[in-house]
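Contents: one structure, followed by commentary.
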Amino acid sequence: MEGQLAHIGAGLAAIGSGAAAIGVGNVAGNYLAGALRNPSAAASQTATLFIGIAFAEALGIFSFLVALLLMFAV
Amino acid sequence: MAVEAQGAEEGGLVFHPMDQFIVKPLFGGSEVGMFTITNVTLWMFLAVLAVVALMVLGTSRRAIIPSRTQSVGELAYGFVYKMVEDVAGKDALAFFPYIMTLFMFIVFANFLGLIPMSFTTTSHFAVTVVLALLVFVTVTVVGFVKNGSKFLGLFWVASAPLALRPVLAVIEVISYFVRPVSHSIRLAGNLMAGHAVIKVFAGFAAIAVVSPISVVAITAMYGLEILVSFIQAYVFTILTCVYLKDALHPSH
């Protein structure tokens, strides 16, 4: 029974990947919106874009890690 | 792995998607000790060999009209050099060799991991945690050596209202110590997740009805993984630059 509960928990943790997807989409979408308004400034901001995406994505990866721990370590 | 493969009775291939990450000794035996030569050792060595081959062979001729190898080497050098200069500032260029080494090693380990039947060393937390901890220790030591006790100003946000500063200090300290965790898990997690997804689709390929979809999905995921391999190496390097900038100029 406990093992099955852990699998349900792992499935619930996968919601976190969806939340991270929203975050990454927000970052990339806003970058694109800004870049289309001022294309000349776009190239200088790609580094910031990737840093922002990395930070948003990290939390999704954390939820993936929680899912893995529940699947294999609990 | 704790869970056995269960695809057999459903017509899938009999393997577990996480089987590809098992560390095996190369020369017999099943014990993995401190100095056992395993597949991780082999593929890390190949990554180092590939980096050395690219940079040494590429720059040995130093032709005015560069060969393809030289072009790639110069491109990689210029790319990382510009990144360090733009993100971390001119005085961070003293650390350029370290950051270049990090970038080249991670990029080659990621790409070698994409070869079928190979082993992705950077998908193991043991590998990435060492890389991230080295960055963390380096950055902290550099911060204290260059700025002395002023480095602690990183945690004391002088521009915030006085009442808020202790609260912010707690948050800043926590976020500082979470850095090596997120830094390492981001790289390993991304690669492991991508490779596991490819293997999950490969498991479906044995079922005749869905196998065309599965093959297309594997190809698409593989393309995405090529992108991810590069972007994660880039992100790891650029975050190193950001941390270095914080250490060299701790005031907000």
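The values are calculated or read from the model by the stated rules, or taken from the named source; none is laboratory data. This structure is a prediction, so every number in the text was calculated from the model and none was measured. Cβ coordinates were reconstructed from backbone atoms using ideal geometry, including for glycine residues, and neighbour counts include every protein chain displayed.
Structure data summary
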read-out: When residues of region B:154-171 are limited to those that are assigned to a helix (DSSP H, G or I) and within 29 Å of the chain's Cα centre (by Cα), the one nearest to B:ALA247 (Cα to Cα); value: B:LEU154
read-out: Pairs where the first residue, in region B:83-98, is within 14 Å of another protein chain (Cβ to nearest Cβ) and the second is at pLDDT below 90 and exposed (fewer than 12 other Cβ atoms within 10 Å of the Cβ), C-beta under 9 Å, 6+ apart; value: B:ASP86/A:SER44
read-out: Only one of B:VAL56, B:VAL40, B:VAL32 that is under 24 Å from the mean Cα position of the chain (by Cα) and closer than 22 Å to B:PHE95 by Cα; value: B:VAL56
read-out: Where a residue in region B:42-57 is more than 16 Å from B:SER71 (Cα to Cα) and its partner, wherever it lies, is surrounded by fewer than 18 Cβ atoms within 10 Å (Cβ to Cβ), with Cβ under 8 Å and at least six apart; value: B:LEU42/B:LEU26; B:TRP43/B:SER118
read-out: The listed residue being of a type outside the set (S, T, N, Q), more than 26 Å from B:LEU46 (Cβ to Cβ) and under 19 Å from the mean Cα position of the chain (by Cα), out of B:PHE136, B:PHE151; value: B:PHE136
read-out: B:ILE218 being over 18 Å from the mean Cα position of the chain (by Cα) and of a type outside the set (Asp, Glu); value: yes
read-out: Residue selected from region B:12-44 under the condition within 14 Å of another protein chain (Cβ to nearest Cβ) and in a loop (DSSP other than H, G, I, E, B), by the criterion farthest from B:ALA196 (Cα to Cα); value: B:ILE22
read-out: Options B:PHE236, B:PHE155, B:PHE201, B:PHE151: the member that is within 24 Å of B:VAL127 (Cα to Cα) and either at pLDDT 90 or above or more than 14 Å from every other protein chain (Cβ to nearest Cβ) (or both); value: B:PHE236
read-out: Breaking point among (1) under 30 Å from B:TYR222 (Cα atoms); (2) crowded, with 19+ Cβ neighbours inside 10 Å; (3) away from chain A (no Cβ under 13 Å), for B:VAL139; value: (1)
read-out: Selection status of A:VAL24, within 13 Å of chain B (Cβ to nearest Cβ), touching a residue at least 60 places away in the same chain (Cβ under 8 Å) and of a type in the set (A, V, I, L, M); value: no
read-out: Verdict on A:SER40 being over 17 Å from the mean Cα position of the chain (by Cα), closer than 27 Å to B:ASP86 by Cβ, surrounded by fewer than 17 Cβ atoms within 10 Å (Cβ to Cβ) and within 11 Å of chain B (Cβ to nearest Cβ); value: no
read-out: Which listed residue is crowded, with 22+ Cβ neighbours inside 10 Å and either away from every other protein chain (no Cβ under 14 Å) or of a type in the set (A, V, I, L, M) (or both), from B:THR121, B:THR128; value: B:THR121
read-out: Single condition B:LEU75 does not satisfy, out of (1) aliphatic (A, V, I, L, M); (2) within 25 Å of B:ASN147 (Cα to Cα); (3) more than 17 Å from the chain's Cα centre (by Cα); value: (2)
read-out: Meets criteria (within 14 Å of another protein chain (Cβ to nearest Cβ) and modelled with pLDDT of 85 or more) for A:ALA35; value: no
read-out: Test: residue in region B:176-193 that is surrounded by fewer than 12 Cβ atoms within 10 Å (Cβ to Cβ), modelled with pLDDT of 90 or more and in a helix (DSSP H, G or I); value: yes
